[in-house]
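The values are calculated or read from the model by the stated rules, or taken from the named source; none is laboratory data. The shown structure was predicted, so the numbers you read here are calculated from the model rather than taken from an experiment. Methodologically, a virtual Cβ is constructed for each residue, glycine included, from the backbone with ideal geometry; neighbour enumeration extends over all protein chains shown. Please note that ligands, DNA and RNA were not included when accessible areas were found on the heavy atoms of the full protein model with its side chains. Shrake-Rupley method; radii C 1.70, N 1.55, O 1.52, S 1.80 Å.
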Amino acid sequence: VRLARDEFIATHRPKIIVHAVEISRDDGGEGAEEKIGASVIYFNVGDTPAQIVAINAKISRYRLPLQSGLGVGIGIRLTPLPVPKDRIVGGPHFIAIFSAHTFENERFVLKAAQDNGRDGACMCIGQIVYEDGRGVRRETGFCRRLDVKDERWTKIDNPEYEYAY
């Protein structure tokens, strides 16, 4: 029975994907500037439940092109976020990430960098680490760039930063 169960889980494993990253705002109280935030919406599109082990993410400024390894925490220290205790089935599920950056400051920094011929961006980088029913660890990474003009997060089409395995 155990062998059949293990074979079923191996064949019908959980798979967490990041569906979208939307702008969130943290007004910080009355009179404070709005901080840049992200609501990460993710689903388990696999056939079996997943147990979240860790969620790590960060919103910060980076030079472009991005260095190798940012998405897995080699080049930066990602901040641990609260982990849901229940096993994840379906979705949607949400994580909220906030930074010290404000929208007004980000517009100013972006304009100054462009005026000086430099290319940088405010990025939301993270990873969701989870296990299947046999305890096999899997990981989903995401990376989004802040479009300050339209106030939205845009996907970075790079398999090093956007992955699920």
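I'd like the residue in segment 97-118 that is modelled with pLDDT under 85 and surrounded by 14 or more Cβ atoms within 10 Å (Cβ to Cβ) and, out of all such residues, is farthest from residue 16 (Cα to Cα).
113
Quick one: how many residues across segment 119-165 are farther than 19 Å from residue 64 by Cα, modelled with pLDDT of 90 or more, among the hydrophobic types (A, V, I, L, M, F, W, C) and in contact with a helix residue (DSSP H, G or I) (Cβ under 9 Å, 6 or more places away or on another chain)?
Total meeting the criteria: 0.
How many of the residues making up segment 76-96 are open to solvent by 100 Å² or more (accessible area, probe 1.4 Å) and either on the phi > 0 side of the Ramachandran plot or charged (D, E, K, R) (or both)?
4
Do we have residue 59 as touching a strand residue (DSSP E or B) at 6+ places or on another chain (Cβ under 8 Å), farther than 17 Å from residue 106 by Cα, at pLDDT 85 or above and crowded, with 16+ Cβ neighbours inside 10 Å here?
no
Take the residues of segment 124-151 that are over 30 Å from residue 106 (Cβ atoms) and in contact with a Phe, Trp or Tyr (Cβ under 8 Å, 6 or more places away or on another chain): which is most open to solvent (accessible area, probe 1.4 Å)?
It comes out as 137.
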